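Below is one structure; the comments refer to it alone.
Where a number appears in this text, it was derived from the coordinates with a stated rule and is not lab data. Everything numeric here is computed off the predicted structure, so don't read it as measured data. For neighbour counting, all protein chains shown are included, and Cβ atoms are generated from backbone atoms with ideal geometry for every residue, glycine included.
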Amino acid sequence: MLFRLLCLLIPLLPLLLHSGPVFGEQGLSIDPINCLGCHSDRIPIKTFAASVHGKNGCTSCHADIVDLASHMRHEFKPAKVRCESCHKKETAEHYSSAHINRGVRCANCHTDIHSLTPWKGDKRRVVATCIQCHDKNSAYRNSVHGRGVSAGRPDSAACSDCHGLHNIRSLGEVANRDRKEFHTRACLKCHGDGKMMARNGVTNLAVNSYLESYHGKNFRLGSPERVAGCADCHGSHAVLHPEDPKSSINKANLVKTCGACHTKATPLFTKYYAHGEHKDRKNYPLLYYTFMVMTVLLVTTFAVFWLHTLLWMFRGFVENREKAARLMEEKHPHHIPGANKQYRRFTRRHIILHILVITSFLGLSLTGLPLKFSDQVWAQELMRLWGGTANAGLIHRGCAVVTFVYFASALAMSFHFLFIRKDLKGNFIERLFGPDSLCFNLRDLKDVTAMMRWFLFKGPKPTFERWTYWEKFDFIAVFWGMFAIGGSGLMLWFPEFFGQFLPGWVFNMATIVHSDEALLATGFIFSVHFFNTHVRPEKFPMDFVIFNGQISKEEMMEERGDQWRRYQEEGITERFACPKPSGVLYDFLVKGFGFTAVFIGVTLLLLMIYAFLS
């Protein structure tokens, strides 16, 4: 008997040495050696001592055994062990997990608690536990992740990397939005880790290219349910290499994969670059050169017109000071007979069209720029204001329809001006390049030269005809803009239709064109156009001629003296005289509308600048 006790005691020495604190915590005095005297045949002493619970006493778990004699006489049945007495955090997670509603308890996964050893990051043990119930068809085990874990690669994704260990969500009962967000975030967690991907020879460009795509931008803006996430294309468990015939992204399977969302997908449609990178000239030359062309266009346009704006701003400031000094010296203002008499510059049709332009352009900007700058907090908040990308997309497309309507009206008016109007002299060519036309002509070169001389204090301030060169540029830019931004927008609006006869990579190019042309349009309108029209020293804070259509005689003679003289020579000046000024209420409303539009535009411009700087 003594020999047997010694044999039991020696292996238990480490256990006895370290179990004191636990006993003190529980307030118990039952020695583990007493327990193992009976239970050593079922619980090998060495195995238990080496387990994760080896430093605990038996009654740390079997806390209801307080009377050893009663227990040995089998006078009561010990209750099931309650792991939550120690593992509070894990238990809280488990009780809110998918497993708790399916009757899965701690012991279902941790089957032999007395021999459980530290897992030491060996993901194979996690997988071995999960596949007891899951992965019956070996989808995960045959995937790139499963094979990586089996090979002992610590960075390969095991079940717990995506689902967690204890806080496992039930994906079958959640909304589609939450399920898609879960899958995509699970993938981004590892594939967005540059260091992890680098040490495994895997590029993380897929993450960047996804987040910069239409799919990824919607995900960032809180609408993952509207677009494809990682798992929609690559699968969730059966993630295979593209060269594998069973892979969902194998070329032979792409029509089916894309067709899950785009029901009319064709082999041409699947040529879309899901992870195309416009900075990669070697692999995506079409995207690279499209981006470069748009960048050159954008940089050149802004460089020229911002320089023009800065020169004008300074020269106009100096001119205003000179005018003020002359008025002080002469003691009286310059007087023009009937200086405040109003003349018609724009018709009611022009005013209505311009209000449509303003409204639709601001609508397009307020709904499109958040998509462009989806990584910005202000963009995400603005998208929440719209109620998500679905509502924003509806508004955006509605404003696009309005844009096509006013563009068609402009075309019709241009046709009428060139071929139908009876009150204009000349043939088609003479009208196209005449003084009433918005088409560029040789006079514009003279006007640009004269304006630059004035900027540089080399000559007098020029006067203009009916249209200035910067107004003509605004008009002509609409035609280029409708071709670039309108054409690309239609492709992106109806990808399945255009995918019937255009290769998918055209949509990648259309995305670049649409995005950069939108940036050019908004940046130009909110900076250059606003300055030329409202903010320049001669007009600040706002020129309301486009809202009431009226211009004073003094203003017309000073700014458009050549037009005034031509009208005088032709004897048609009084044809454009306004019998009375616009009404007070009308002016109040349209001025409020105008100031609101300028405020929104300038705010968006500042947010765009902030996005680039940050």
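A few comments on the model shown:
- Flagged links, alpha-carbon separation over 23 Å, of K120/K195; K55/K80; K425/K553; K341/K539; K136/K264; K88/K136: K425/K553; K136/K264; K88/K136
- Under DSSP loop assignment and at most 12 Cβ neighbours within 10 Å, longest GluC sites (Glu not before Pro)-free interval of the chain: 244-614
- Lys, Arg +1 and Asp, Glu -1 on Cβ, resulting dipole of segment 120-271 about Cα centre, debye, nearest 20: 100 debye
- The Rg/Rh ratio for segment 461-564 is 1.17, where Rg is the radius of gyration of the alpha carbons and Rh is the Kirkwood radius.
- Trypsin sites (Lys or Arg not before Pro) within segment 442-548, DSSP loop, no more than 10 other Cβ atoms inside 10 Å: K458
- Among the chymotrypsin sites (Phe, Trp or Tyr not before Pro) in segment 92-167, those located in a DSSP loop and surrounded by at most 15 other Cβ atoms within 10 Å of their own Cβ are W119.
- Sites K80 and K251, calculated FRET efficiency, Cβ-Cβ separation with R0 60 Å, nearest 0.05: 0.65
- Distance between the C-alpha centres of segment 215-283 and segment 377-427: 33 Å, rounded to the whole angstrom.
- Cross-link partners of K46 among aspartates and glutamates (Cα-Cα below 19 Å; sequence separation of 8 or more within a chain): D31, D112
- Gain upon complete extension [F475, V202; 0.36 nm per residue less C-alpha separation]: 93.3 nm
- Based on C-alpha pairs under 8 angstrom that are at least 6 apart in sequence, the chain has a relative contact order of 13 percent.
- About its Cα centre, the dipole of the chain is roughly 620 debye, where the only charges are +1 on Lys and Arg Cβ and -1 on Asp and Glu Cβ.
- Net charge, T290 excluded, C-beta distance under 13 Å - Lys, Arg +1, Asp, Glu -1: -2
- Helices that extend 30 Å or more along their long axis by alpha-carbon positions and average at least 1.6 on the Kyte-Doolittle scale are, among the DSSP H runs of the chain, 584-613.
- Correct choice for Cα extents along the principal axes in Å that was computed from the model, options [x] 82, 63, 53; [y] 133, 61, 43; [z] 130, 53, 44: [y]
- Counting only DSSP H runs of at least 4 residues, each contributing -39500 (n - 2.57), and dividing by the residue count of the chain, the helix-based mean residue ellipticity at 222 nm comes to -17000 deg cm²/dmol.
- Centre separation in Å (Cα based) which lies between segment 535-585 and segment 439-500: 22 Å
- Multiplying the residue separation of R153 and F501 by 0.36 nm and removing their Cα-Cα distance gives an extension gain of 120.8 nm.
- Spacing of the modelled spin labels on L490 and F419, each 7 Å from Cα toward Cβ, amounts to 2.0 nm.
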